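Undergrad: A single structure is presented below for examination.
The values are calculated or read from the model by the stated rules, or taken from the named source; none is laboratory data. All figures in this text were calculated on a predicted structure; none of them were measured in a lab. Counting neighbours? That spans all protein chains shown, and the Cβs are built from the backbone with ideal geometry, glycine included.
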Amino acid sequence: MTEDTIIDVQGLTKVFGKKTVVNGLDMRIRRGEIFGFLGPNGSGKTTSIRMLCGLLKPDGGSGTCLGYDVVKESALIKPHVGYMTQKFSLYEDLTVRENIEFTARVFGLKDASKKVDECIERMGLGPFAKQLAGSLSGGWKQRLSLGVSTLHSPRLLLLDEPTAGVDPGARRDFWDQVHLLASQGVTALISTHYMDEAERCHRLAYIAYGKLLASGTADAMIRDSALATWKVSPGGGSEGLHALSEEMKPLAGVDQVVAFGNTLHVSGRDHEALERSIGPYRDTYDWRQIDTSLEEVFIDLMQQSRGALK
């Protein structure tokens, strides 16, 4: 493992009962990297992240995290990890400051009072320091949670769908904080369902039914999908688009048809077959080829994973 490699694992596997939740995960993640995990609910994203961080012992496979063996030395990894859950998990009947002070005591931090003050200032929590945590808005609860999870200066952050139910402005501010931490050398593992958030990660992994199906940068995943995408509209309103969608789904070369507002996005890998299927509808609808988005790739991977399960 090089100095810049924070996580390097091979064949990680986790079984609960008779169900294999993660099956043979290989992954290498660098220092200061924001690594996003995508996939349907129950796909093994959170279990994978927890094994990578040493928070959950694998049933198979090997590797290192922060230079420690993920199987034999998981206890040595945990003090260097900050964990932020999807659900607000701090004490709602304590003030913002009291929550941070309590966490500082749990970690046994030296100069705890100074670190609490620095956390409040860094996260912009000053005006809310004496306010009960339970009365904060979703965005400010999120800021408090991130501040607490980074209070002990972790080298690795585990963020499990951290912006679920938070307004777009608060999500943007959150990501600005994560990118600031990454610029300081902190590595972040983030599970998310938001495509705009996925595009802000340095690299991505798509996991479904316990298997890693694709990984790389957003641009690379779009390129490797080999999908061509057409945007179709009727020229006015959305009349007829539902019928068109149902007609096109079974046609040759059509891998997916997705509604976007008053338009449809039609995508497929067999570009020639796709254009032949579009042909009879060209005079009735307005067709324009567009760049394939990460969302189209995500939907395509989801469809592939469902098909492989049948």
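Undergrad: Out of everything in the range 116-133 that is assigned to a helix (DSSP H, G or I) and in contact with a Leu (Cβ under 7 Å, 6 or more places away or on another chain), what residue ends up being nearest to Phe174 (Cα to Cα)?
TA: Looking at the filtered set, the residue picked out is Cys119.
Undergrad: Condition check: more than 29 Å from Glu199 (Cα to Cα), in the same structural domain as Ser137 (by TED's automatic domain parsing) and charged (D, E, K, R). Does Asp59 satisfy that?
TA: So Asp59 fits the description; yes.
Undergrad: Please go through the range 67-79 and give me each residue that is in contact with a Phe, Trp or Tyr (Cβ under 9 Å, 6 or more places away or on another chain) and crowded, with 17+ Cβ neighbours inside 10 Å, ordered by number.
TA: Those that are in contact with a Phe, Trp or Tyr (Cβ under 9 Å, 6 or more places away or on another chain) and crowded, with 17+ Cβ neighbours inside 10 Å: Ser74, Ile77.
Undergrad: Given the criterion among the polar types (S, T, N, Q) and within 29 Å of the chain's Cα centre (by Cα), identify the matching residue among Ser113, Ser135.
TA: Among Ser113, Ser135, only Ser135 is among the polar types (S, T, N, Q) and within 29 Å of the chain's Cα centre (by Cα).
Undergrad: Is the range 192-204 home to any residue that is buried (at least 18 other Cβ atoms within 10 Å of the Cβ), over 18 Å from Met84 (Cβ atoms) and among the hydrophobic types (A, V, I, L, M, F, W, C)?
TA: Scanning the range 192-204 turns up at least one residue that is buried (at least 18 other Cβ atoms within 10 Å of the Cβ), over 18 Å from Met84 (Cβ atoms) and among the hydrophobic types (A, V, I, L, M, F, W, C).
Undergrad: Where the second residue is β-branched (Val, Ile, Thr) and crowded, with 17+ Cβ neighbours inside 10 Å and the first is touching a residue at least 60 places away in the same chain (Cβ under 8 Å) and lies in the range 94-113, which pairs have Cβ atoms under 8 Å and are six or more apart or on separate chains?
TA: That search, which allows pairs on different chains as well, returns nothing.
Residue by residue, here is whether (1) of a type in the set (D, E, K, R); (2) in a loop (DSSP other than H, G, I, E, B); (3) farther than 19 Å from Arg171 by Cα holds:
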site: Met51; (1), (2), (3): no, no, yes
site: Gly54; (1), (2), (3): no, yes, yes
site: Lys87; (1), (2), (3): yes, yes, no
site: Tyr91; (1), (2), (3): no, yes, yes
site: Asn99; (1), (2), (3): no, no, yes
site: Lys114; (1), (2), (3): yes, no, yes
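Undergrad: Moving on to the next point. Of the residues that sit in the range 8-21 and are of a type outside the set (Ser, Thr, Tyr) and touching a residue at least 12 places away in the same chain (Cβ under 8 Å), which one is surrounded by the most Cβ atoms within 10 Å (Cβ to Cβ)?
TA: Top of the filtered list is Leu12.
Undergrad: Out of all the residues in the range 252-310, which are hydrophobic (A, V, I, L, M, F, W, C) and touching a Lys or Arg at 6+ places or on another chain (Cβ under 9 Å)?
TA: Ala252, Val257, Phe260, Leu264, Val266, Trp287, Ile290, Ala308
Undergrad: Residues that are at pLDDT below 95, within 30 Å of Thr5 (Cα to Cα) and out of contact with any strand residue (DSSP E or B) (no Cβ under 7 Å at 6 or more places or on another chain): does the range 122-132 have at least one?
TA: Yes: one or more hits.
Undergrad: Can you name every residue in the range 22-34 that is in contact with a helix residue (DSSP H, G or I) (Cβ under 9 Å, 6 or more places away or on another chain) and either within 14 Å of Cys65 (Cβ to Cβ) or buried (at least 20 other Cβ atoms within 10 Å of the Cβ) (or both)?
TA: Those that are in contact with a helix residue (DSSP H, G or I) (Cβ under 9 Å, 6 or more places away or on another chain) and either within 14 Å of Cys65 (Cβ to Cβ) or buried (at least 20 other Cβ atoms within 10 Å of the Cβ) (or both): Val22, Leu25, Met27, Ile29, Glu33, Ile34.
Undergrad: Which members of the range 151-172 meet the condition of being modelled with pLDDT of 90 or more, of a type outside the set (Lys, Arg) and surrounded by fewer than 20 Cβ atoms within 10 Å (Cβ to Cβ)?
TA: Result: His152, Ser153.
Here's the yes/no breakdown for (1) touching a helix residue (DSSP H, G or I) at 6+ places or on another chain (Cβ under 9 Å); (2) over 28 Å from Asp8 (Cα atoms); (3) of a type in the set (A, V, I, L, M):
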| residue | (1), (2), (3) |
| --- | --- |
| Lys114 | no, yes, no |
| Gly126 | yes, yes, no |
| Ala129 | yes, yes, yes |
| Leu132 | yes, yes, yes |
| Trp140 | yes, yes, no |
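Undergrad: Among the residues in the range 66-87, are any over 27 Å from the mean Cα position of the chain (by Cα) and either outside the structural domain of Gly44 (by TED's automatic domain parsing) or of a type in the set (Phe, Trp, Tyr) (or both)?
TA: no
Undergrad: State yes or no: is Val166 in a loop (DSSP other than H, G, I, E, B), in the same structural domain as Lys87 (by TED's automatic domain parsing) and more than 24 Å from Thr263 (Cα to Cα)?
TA: Yes: the conditions hold for Val166.
Undergrad: Out of the residues in the range 35-66 meeting the condition of being of a type in the set (S, T, N, Q) and under 23 Å from Thr85 (Cβ atoms), tell me which one is surrounded by the fewest Cβ atoms within 10 Å (Cβ to Cβ).
TA: Applying the filter and picking the extreme gives Asn41.
Undergrad: One residue is enough: does the range 22-31 have a residue meeting the conditions of a type in the set (Gly, Ala, Ser), closer than 30 Å to Gly138 by Cα, in a strand (DSSP E or B) and at pLDDT 90 or above?
TA: No: zero hits.
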